[in-house]
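The structure appears below as structure tokens.
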Amino acid sequence: MSEVTLYEKLAAYGKSDYYPYHMPGHKRRARGRMPEGLFDIDITEIEGFDNLHQAQGIILEEQERAARLYGAEESFYLVNGSSCGIMAAISTAVREGGHILMARNCHKSAYYGAYLRNLKQSFLYPEIIEGYDIYDAITAVQVEETLEELECSDEPPVEAVLIVSPTFEGRIADVKAIAEVVHRRGIPLIVDEAHGAHLGLGKGFAPNSCAQGADLVIHSVHKTLLSLTQTALLHVNGNLVDRVRLHRFLKIYQSTSPSYVLMASISEAVRRIETDGERLFAAFYDRWMKMMEALSACRKLTFLPQESGQDIGKLVICVQKTSLSGQQLYDILIEKYHLQAEMPSMSMVLAMFTVGDTEEGFRRMTDALLEIDGQLVRGELGGDAVINGWRGTAGSLLRERPRRALLLGQAWDEPMELCPLSACAGRIAGDFINLYPPGIPIVMPGELFTEELLKNIHHCMEAGLNVQGIADVRGEAYLQVLAGK
Ligand SMILES: Cc1ncc(COP(=O)(O)O)c(C=O)c1O
């Protein structure tokens, strides 16, 4: 075991008199106006610093440390975010052209993985939480029923199941129960736990998916712990995953020049939790509970309670009982209080808290929301969230289940053309149509447009929702469709 951390070793090297006749080109000195110290530790795979793609030394030790923290059999550093981990997990678990059962609320990277490997996708559609317009977590019953249905159909056997937990908005699934259902079929469960790198690390927090039986688990360390953007981890457990293939796909989807700055940042984040995690998470938990207790006094704004399966740290502020839209509340928080939330939707605002937050961070959000709620109660604050007599709820669009005409991998490679939205019924989608937030595909390439679906898309656009994937041609909405089909 190395005595020094990756960061310490890099920092000492940066101060040494070794002259770099190697990449990167800045030679650890020509940093321009960038912060001092950053370039000192930005090296390539030189003597003594191991190689992410064939880890045998200090990087292997750091990865083993991460595995111990999460109770995983093996962990891998990711420098291209959870995105590359999700693509590697899918590509490993399902053969090219194979069949995957995945939650419809998966991140784009899951769809990109399916495209690259020309997979057949079957979907698990999560329930929608009324009033909040967000997807709930997938349940074990849904997975069981969908697998049974597929087993009784002509579809080829499902080779892996992929779910997201926690979701972007913090909905946590019963991963243990889902893993049991999936493992009964002898296939692996992949959990996109990008938003849950903090799970299982503190008292009061839900367990992480490695401890719940998942075979492949992906964590964005940068999202909910203390490391730099793009840093993530992939964990593997059990014997359902071919580890040789996993190594291969990690090589394919990651840079051949992984950043030592990013890797050192993962190492420091892991060590910080190891040495100080108990105190950090206890303080985070107390501050969160205090904030939620104070916010329970709100009469207009409502919040998803933890007992409903909501992650600690994801504050979902619902505006349904007010005359504000989520966007209007989001703007007030920025303009009046200088509080930058993660994202707004028509029905809610999502604010994120982590162990990195200060007491002041919790207090400022609490005070602002209490003040806004008071103004709403007294009628001093109000917007025109109701547009065309309709609040613009996204629920109807999130409930759409378009029929597939072609696989994503086939459709996205076909020649395309633009077609006026009003004339798209019966045509095959050529590109993704996402509702943002949450940015999940309502329609993906290869799926069929129906009159009903187009009416719904049109309605949501009219109501001011951000429907992505629509071209504006001289004021008219056009959609990308497969040419001549
Ligand atoms: C649910 C989910 N999975 C995966 C990702 C990708 O993570 P990263 O940005 O680390 O690549 C995101 C990004 O927002 C996400 O929301």
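Between Glu8 and Arg68, the simple label model (points 7 Å from Cα in the Cβ direction) yields a spacing of 1.4 nm. Its Kirkwood hydrodynamic radius, worked out from the mean inverse distance over all distinct Cα pairs, puts region 110-164 at 12.9 Å. Taking every alpha-carbon pair within region 181-333, the share separated by more than 25 Å comes to 46 percent.
With the convex hull of the Cα atoms taken as the outline of region 91-188, the averaged projected area works out to 6.2 nm². With the convex hull of its Cα atoms as the shape, region 6-274 has an orientation-averaged projected area of 15.7 nm². Gyration tensor over the Cα atoms of region 233-278: the corresponding equivalent ellipsoid has semi-axes (square roots of 5 times the eigenvalues, largest first) of 25, 18, 5 Å.
Distance between the modelled labels on Asp286 and Leu38, one decimal in nanometres: 3.5 nm (7 Å Cα→Cβ projection). My understanding is that a pair violates if its Cα-Cα distance is over 24 Å; which of Lys120/Lys455; Lys290/Lys314; Lys314/Lys336; Lys108/Lys314 do that in this structure? The answer is Lys120/Lys455. The listed residues Lys314, Lys251, Lys223 rank as Lys251, Lys223, Lys314 when sorted by accessible area, largest first, using a 1.4 Å probe. Note that region 395-482 shows a convex hull volume over its alpha carbon atoms of 83 Å³ per residue. Note on the chain: Cα convex hull, mean projected area over all directions, 25.3 nm². If you model region 335-485 as an ellipsoid using its alpha carbon gyration tensor, with each semi-axis the square root of five times an eigenvalue, the axes come out at 38, 19, 12 Å, biggest first. At a probe radius of 1.4 angstrom, the accessible area of region 86-125 per residue rounds to 26 square angstrom. Here the chain has 50 percent of its accessible surface on carbon and sulfur atoms, given a 1.4 Å probe and all protein chains in place. Solvent-accessible area of His338, all protein chains in place: 140 Å² (probe radius 1.4 Å, heavy atoms, ligands and nucleic acids excluded).
Using all pairs of distinct alpha-carbon atoms, the Kirkwood hydrodynamic radius of region 1-75 works out to 13.7 angstrom. For the set Lys203, Lys9, the ranking by accessible area, highest first and with no ligand, DNA or RNA atoms included, is Lys203, Lys9 under a 1.4 Å probe.
Using Cβ point charges alone (K and R +1, D and E -1), the dipole size of the chain about the Cα centre works out to roughly 580 debye. Within region 278-377, the ratio Rg/Rh, alpha carbon atoms throughout and Rh by Kirkwood, equals 0.94.
Of all DSSP bridge pairs formed entirely within the chain, close to 70 percent run antiparallel. Residues Asp242, Asp192, sorted by accessible area with the largest first, give Asp242, Asp192 [1.4 Å probe; ligands and nucleic acids excluded]. Under a model in which nothing but the beta-carbon of Lys, Arg (+1) and Asp, Glu (-1) is charged, region 278-377 shows a dipole of about 220 debye around its Cα centre. Long hydrophobic helices in the chain, taken as whole DSSP H segments with a C-alpha length of 18 Å or more on their own axis and mean Kyte-Doolittle hydropathy at least -0.5: 58-70, 81-93, 260-295, 359-377. Spin-label model, Arg29 to Ala294: label points 7 Å out along the Cα-to-beta-carbon direction sit 5.1 nm apart.
The values are calculated or read from the model by the stated rules, or taken from the named source; none is laboratory data. Just so it is clear, the model here is predicted, and its values are computed rather than measured. FYI the Cβ positions are ideal-geometry reconstructions off the backbone, even for glycines, and counts take in every protein chain you see. Areas reflect the complete protein model, heavy atoms only, side chains present, ligands, DNA and RNA absent. Shrake-Rupley method; radii C 1.70, N 1.55, O 1.52, S 1.80 Å.
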